[in-house]
Amino acid sequence: MTEWKNFDLLNPTDEHKMLRDMVKSFVEAEVEPQAHEYNRKEKFNLPLFKKLSDLGLLGITVPEEYGGAGLDAVAVVIAHEELSASDPGFCLAYLAHTLLAVNNLAVNGSDAQKKQYLPGLSNGSLIGAMAMSEPDYGTDALGMTTTAVKKGDRYIINGRKMWITNGAIDDNKTACDFVWLYAKTGEKNGRALISTFMIEKGDKGFYVGQKITNKLGMRASNTAELVFENCEIPADRLVGNEGDSTHHMMRNLEIERVGLAAMALGIARRSLEIMNKYATERHSFGKPLNAYGQIQKYIADSYAEYKASEAYVYDTARRLNLTKEGNRLDSDGVKLVSTTMSKNVADRAIQVLGGYGYVGEYVVERLWRDSKLLEIGGGTLEAHQKNITRDLAKAGL
Ligand SMILES: Cc1cc2nc3c(=O)[nH]c(=O)nc-3n(C[C@H](O)[C@H](O)[C@H](O)COP(=O)(O)OP(=O)(O)OC[C@H]3O[C@@H](n4cnc5c(N)ncnc54)[C@H](O)[C@@H]3O)c2cc1C
């Protein structure tokens with residue numbers, strides 16, 4: 001349905017267009033055929049994930065000198081939108097690797113640290129995760145209690161991290177290869193001083209606590225609790241200066257939120273396509289469903305809300321610089337508005353499909369379940385409302 005599309009907005013350059021075409025073809029050939037099965041089995045498709053490296057997608061924002069594709073935030077949106085139009089669970093694993101772990105290192109690591117890990121993370125030989133949330137601290141991330149204490153040329157880390165996407169890689173609770181870990185290294189004026197450490201699979205005292213199962217959605221991605229029990233790492237795994245990470249932890253949330261908003265676009269677009277086709281083909285009382293005003297409201301409202309989100313997400317991505325000062329206000333804004341939009345559109349799609357919408361084969365029930373996570377992960381709706389209100393007040397608007 002190309003007539004929906006404003007390609008100047010969606011693909012501002014030829015490179016963006018080529019990227020979209022490439023991801024779309026990959027999704028059609030490789031992602032879509034496995035999406036239903038992996039969701040049903042609640043399984044992460046690791047071999048398929050590694051294939052993303054052939055497309056240059058695993059190091060999408062990594063500079064070419066470190067083995068990546070060196071692309072921008074619009075490219076990030078394109079990849080996440082296209083993958084999520086088919087399999088948001090698989091895409092969440094992709095987001096955790098590329099944006100939460102890899103982009104963070106590409107922006108904040110030293111040259112030596114980047115040379116050590118980025119080539120492997122970009123070519124699929126290493127799978128990454130980011131560990132910020134804890135069992136008792138999510139939205140209140142700065143309350144974290146995981147500690148890192150320097151002893152000679154080592155750091156000793158103790159604590160537990162919760163809800164970590166890609167934390168466990170397979171069904172045997174094997175930890176992922178690389179964890180971008182936030183831990184507390186001190187306090188100043190009653191506030192935690194946060195530092196970043198790079199953890200490797202096999203580090204002494206680092207293991208998977210529990211793999212979280214029975215998730216409502218995003219079942220094609222693994223979620224795990226990670227445990228650090230007198231975990232000992234060399235001191236050169238500290239990123240930047242001790243106690244200096246709060247700023248970059250918050251900054252990286254911006255591209256995460258834009259990526260999650262892009263996932264919402266993919267979910268909404270697919271839901272809309274499915275409900276539109278169904279309402280055109282399915283007849284009731286001798287007329288197609290889309291002849292009825294109530295069904296028209298579902299479709300038309302969904303289309304207009306989706307298009308509004310699309311414009312906001314792409315505009316924000318175009319203005320988001322991955323390395324310099326960012327745009328906290330609108331990264332909160334796009335996630336706030338797009339995620340609930342996608343849940344509502346998927347919900348209406350289920351309604352339009354009636355009983356068929358309620359079963360897995362027709363896709364929209366999975367999209368609806370997956371969309372709910374987008375209102376929680378990477379910041380809850382309430383956190384975005386709080387941040388936006390605070391930033392607008394500061395700006396004096
Ligand atoms: C599938 C999945 C994958 C995830 N992946 C990762 C990952 O890879 N890495 C990672 O670090 N984390 C990850 N998370 C964690 C996620 O970021 C947190 O769940 C989220 O930040 C919310 O934290 P919480 O669950 O502790 O809820 P809480 O912070 O306890 O919030 C509970 C409720 O209270 C509300 N609330 C809290 N504080 C306030 C306030 N001040 N004002 C108003 N309302 C408030 C919240 O908005 C929410 O509605 C993941 C979570 C899930 C479910």
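Derivation of every value follows stated rules applied to the coordinates shown; laboratory data play no part. Remember, predicted model here, so these are calculated numbers, not experimental data. Note that we place each Cβ from the backbone using ideal geometry, even for glycine, and neighbour counts take in every protein chain shown.
Potential lengthening of the chain between K115 and K5 amounts to 35.6 nm, from the contour at 0.36 nm per residue minus the alpha-carbon distance. Taking the average, over residues, of other Cβ atoms within 10 Å as the packing measure, peptides 318-326, 305-313 rank 305-313, 318-326 from highest down. All Cα-Cα distances of region 96-173, cut into 5 Å bins from zero to the largest, leave 3, 14, 17, 19, 24, 17, 6, 0 percent in each bin in turn. Note on F44, F26: ascending count of other Cβ atoms within 10 Å places them as F26, F44, the fewest first.
DSSP assigns beta bridges within the chain; of those with both partners inside it, close to 85 percent run antiparallel.
Neighbours of P288 by Cβ distance under 15 Å: Lys/Arg scored +1, Asp/Glu scored -1, total +2. In this label model, K151 and D315 are separated by 5.5 nm, measuring between points 7 Å along each Cα→Cβ vector.
Where the alpha-carbon atoms of region 2-123 are placed on the principal axes, they occupy 44, 39, 20 Å, in descending order. Partners of K201 within straight-line reach, counting lysines whose Cα lies under 23 Å from its Cα and excluding those fewer than 8 residues away in the same chain: K43, K50, K51, K114, K115, K150, K151, K161, K173, K184, K211. Per residue, the convex hull around the alpha carbon atoms of the chain comes to 136 Å³. With neighbours defined as other Cβ atoms within 10 Å of a residue's Cβ, the residues Y278, Y94, Y292 order from fewest to most as Y292, Y278, Y94. In terms of packing, defined here as the mean over residues of other Cβ atoms within 10 angstrom, the peptides 11-19, 50-58, 329-337 line up highest first as 329-337, 50-58, 11-19. Relative to the current alpha-carbon distance between D21 and A235, full extension at 0.36 nm per residue lengthens the span by 72.7 nm. Decide, for region 128-239, between rounded, prolate and oblate: order the square roots of the alpha carbon gyration tensor eigenvalues as a ≥ b ≥ c, take rounded if a/c falls under 1.5, and otherwise choose prolate if a/b is larger than b/c, else oblate. It comes out oblate by the Cα gyration axes. Seen from V27, the other residues with C-beta closer than 10 Å to its C-beta sum to a net charge of -4, counting Lys and Arg as +1 and Asp and Glu as -1.
Placing a label point 7 Å from the Cα of S53 along the Cα-to-Cβ line, the residues of region 9-43 whose backbone N sits under 20 Å from it are 23, 26-27, 30-31. Helix 364-374 and the longest principal axis of the C-alpha atoms of the chain enclose an angle of approximately 40°.
Treating r as the C-beta distance of A29 and N189 and R0 as 51 Å, the FRET efficiency rounds to 0.40.
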